[in-house]
Amino acid sequence: MPKANVTFEKLGVTVTVPAGTRLIEISEKVGASITYGCREGECGTCIMRIISGMENMSERSVLEDKVLQENMAGRSDRLACQAQVLGGDITVKA
Amino acid sequence: MTPAPDAVEIAPSTHWIGALDPALRDFDIILKTANGTTYNAYCVRGDAGVAIIDTVKESHAAEFFTRLEQVTRYDEISTIVLNHLEPDHSGALPELMRRAPQAKLYISAKAQLMLKALVRNSELNFNIVKTGDTVDLGGRTLRFFSTPFLHWPDTQCTLVEEQNILFSGDVFGCHFCDARLFNDRVGDFRFSFEYYYQHIMRPFREHVLEALELLEPLTLKIIAPAHGPILREAPRSYLQRYRQLATPLLHNEIGADTKSLLVFYISSYGNTARMAQAVADGAETIAGVRVSLYDLQAAGDLPFVDLIEEADGLAFGSPTINGDAVKPVWDLLSSLAVIKVRDKLGAAFGSYGWSGEAINMIEDRLRGLKLRVPIKGVRAKLIPTEEELERCYDLGKQLAQHLTGNIERKTISMSELLAQEQSHA
Ligand code: FES
Ligand SMILES: [Fe+2]
Ligand SMILES: [Fe+2]
């Protein structure tokens with residue numbers, strides 16, 4: 001199965017995960033400092049910054065895009081409860 | 001008692017048109033008030049338009065509209081500003097917009113979502129404003145200041161430039177109801193002001209400091225908050241008080257770069273106490289971390305919440321008794337809502353008789369409070385062995401390393417993570 005390496009920068013931990021895993025699943029297991037509200041891509045609580053590897057993440061859905069815009073998020077921001085990792089290396093600021 | 005006043009002029013052509021709620025005793029469940037509160041709304045008249053600043057709780061709308069009608073006609077209203085969309089200030093907004101459909105609504109960017117939830121109207125028109133934006137009413141200029149998270153994401157302040165009046169929303173407010181309205185005339189409300197700060201603003205201390213940077217340079221004659229007395233006597237002293245309350249003090253003592261780690265424990269046979277000592281000893285070996293060790297047995301009224309507010313890391317040691325951590329630990333962990341603990345580092349440890357659930361439960365609670373829990377806690381069956389004390393020592397050391405940013409980077413697989421969780425449960 002294809003793998004992805006997700007590095008939580010502040011935590012100093014890299015997790016090797018199967019492709020397709022949602023960030024929320026990983027961040028909660030390692031105890032990274034991303035917080036969640038609705039868990040359904042509506043509230044914008046879980047906005048996180050991708051330091052590198054955005055190309056290795058799933059595309060923003062229409063809903064995610066809308067919520068990010070409403071929260072004035074930047075281009076390197078994603079909703080951790082929505083974004084999936086597709087493969088390769090990804091570093092998030094958490 | 002002074003009878004409820006008509007609209008009150010607070011400066012030429014600028015009126016208080018709020019509502020009094022003297023019967024209120026509990027506000028939003030968590031706040032008490034000894035004599036009620038006020039929902040302050042204001043009306044600013046310029047040569048070219050009239051602005052309404054904030055509204056009131058829906059239950060008090062009639063009182064608000066009565067006062068509003070004393071100072072303006074609805075068709076004169078050109079501008080509505082909402083500094084904060086919580087229902088105690090936006091309750092009468094939908095009705096006001098019906099009565100003054102021509103008025104333009106000004107809110108902060110973060111207020112949009114709340115506005116949409118509040119006013120279910122897809123054709124809703126509003127303007128987003130940020131620091132520096134102005135609205136000209138003809139001889140009266142409204143200037144906006146973004147002061148987010150005081151105490152909601154949407155909060156902002158609005159200044160009448162020509163009159164040096166700051167409509168501050170909940171900031172500088174308090175729950176105190178006195179029809180005499182002005183701070184130099186009402187009863188002694190100092191405790192309400194402090195209480196309001198401690199319960200509403202304190203968790204957002206960093207945002208308070210950011211807002212003060214914006215507001216302190218202003219010339220202010222009147223601070224007109226959304227609750228409680230209008231501050232026209234010595235308005236600056238209220239900014240100064242916020243500054244004092246929001247400024248961290250610990251780093252005057254230990255230097256800006258030093259990290260503070262607090263180790264709390266409670267112990268019935270001295271086992272968890274020994275583990276706590278080992279955690280503290282391990283952390284001590286790392287330069288740049290100040291470690292403090294506290295026995296929660298003595299908690300009582302000690303200001304642990306104040307200490308935690310300024311700490312960078314927290315470790316909790318509890319025995320497991322009847323499958324749970326003990327009450328003093330939960331008591332402390334349930335009193336942290338008034339401060340910001342997000343992103344601090346947390347850890348748990350403790351001794352147990354036949355099962356050690358307390359550690360997991362504390363860690364879950366810490367995560368729930370949005371702390372980072374980077375290192376798995378340590379459990380010891382009854383009397384900790386040398387090896388277990390060694391692990392406590394390591395726990396302290398690693399926590400301290402995390403605090404100083406000196407972490408050993410590590411790699412782990414998802415399946416290992418899951419396995420860890422299983423064995424931990
Ligand atoms: S948790 Fe609400 S958007 Fe992700
Ligand atoms: Fe509020
Ligand atoms: Fe309020």
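Results, tabulated for the structure shown:
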read-out: Value of Rg/Rh across region B:75-228 [Cα atoms, Kirkwood radius]; value: 0.96
read-out: Cα-based shape type of region B:187-251, given that a ≥ b ≥ c are square roots of the gyration tensor eigenvalues and the cut on a/c is 1.5; value: oblate
read-out: Vicinal HN-Hα couplings computed from phi for region B:170-180 (Karplus, 6.51 cos²θ - 1.76 cosθ + 1.60; Hz; Gly/Pro x); value: 5, 4, 6, x, 6, 8, 7, 10, 8, 5, 6
read-out: Reach of A:LYS3 by Cα under 21 Å, taken over lysines that are not fewer than 8 positions away in the same chain; value: A:LYS29, A:LYS93, B:LYS410
read-out: Interchain or long-range residues, amide H under 5 Å from B:THR141's placed H; value: B:GLU161, B:GLU162
read-out: Where only alpha carbons of the protein assembly as shown are counted, the Rg and the Dmax (Å); value: 26.3, 81
read-out: Label point distance in nm, A:CYS38-B:GLU233, each placed 7 Å from Cα along Cα→Cβ; value: 4.8 nm
read-out: HN-Hα J in Hz across region B:396-405 - Karplus 6.51, -1.76, 1.60, θ = phi - 60°, x for Gly and Pro; value: x, 5, 5, 4, 4, 5, 4, 5, 8, x
read-out: Dipole axis of region B:1-75 (+1 Lys, Arg; -1 Asp, Glu on Cβ), positive-most option in B:GLY18, B:LEU31, B:SER59; value: B:LEU31
read-out: Estimated inter-spin distance, B:THR141 and B:ILE254, nm [label 7 Å along Cα→Cβ]; value: 4.7 nm
read-out: Residues in region B:286-317 that a label on B:SER335 would reach, taking backbone N under 14 Å of a point 7 Å out along Cα→Cβ; value: B:295-309
read-out: Residue list for region B:160-191, given a label point 7 angstrom along the Cα-to-Cβ vector of B:ALA4 and an amide N cut-off under 20 Å; value: B:174-182, B:186-187
read-out: Signed unit charges on C-beta, dipole axis of the protein assembly as shown, positive-most listed residue B:ALA246, A:ALA94, B:ALA117; value: A:ALA94
read-out: Region B:30-99, dipole about Cα centre (Lys/Arg Cβ +1, Asp/Glu Cβ -1), debye to the nearest 20; value: 100 debye
read-out: Cα centroid separation, region B:370-405 to region A:18-94 (Å); value: 30 Å
read-out: Computed [θ] at 222 nm, helices only, for chain B once each DSSP H run of length n ≥ 4 contributes -39500 (n - 2.57); value: -9000 deg cm²/dmol
read-out: Shielding by partners - mean other protein chain Cβ count within 10 Å, residues of B:347-354; value: 0
read-out: Exposure rank, largest accessible area first [B:ILE321, B:ILE230; 1.4 Å]; value: B:ILE321, B:ILE230
read-out: Förster-model FRET efficiency, 35 Å R0, B:LYS32 and B:GLN244, C-beta, rounded to 0.05; value: 0.90
read-out: Percent antiparallel among DSSP beta bridges (both partners in the protein assembly as shown, rounded to 5); value: 45 percent
read-out: Peptides ranked, highest mean first, by Cβ atoms within 10 Å: ranges B:24-36, B:205-217, B:261-273, B:60-72; value: B:261-273, B:60-72, B:205-217, B:24-36
read-out: Given charges at beta-carbon only (K, R positive; D, E negative), |dipole| of chain B in Debye; value: 340 debye
read-out: Among beta bridges that DSSP assigns inside chain B, antiparallel share in %, nearest 5; value: 45 percent
read-out: For region B:92-247, share of DSSP beta bridges that run antiparallel, in % to the nearest 5; value: 65 percent
read-out: Semi-axes of the equivalent ellipsoid for chain B, Cα gyration tensor, largest first, Å; value: 51, 21, 20
read-out: About the Cα centre, charge dipole magnitude for region B:223-277 (Lys/Arg +1, Asp/Glu -1 at Cβ), debye; value: 120 debye
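The values are calculated or read from the model by the stated rules, or taken from the named source; none is laboratory data. Here the structure is a predicted model, which means the values were calculated and not measured. Glycine also receives a Cβ, built like all others from the backbone with ideal geometry; neighbour counts cover every protein chain displayed. Side chains are part of the model used for accessible areas, which takes the heavy atoms of the whole protein and leaves out ligands, DNA and RNA. Shrake-Rupley method; radii C 1.70, N 1.55, O 1.52, S 1.80 Å.
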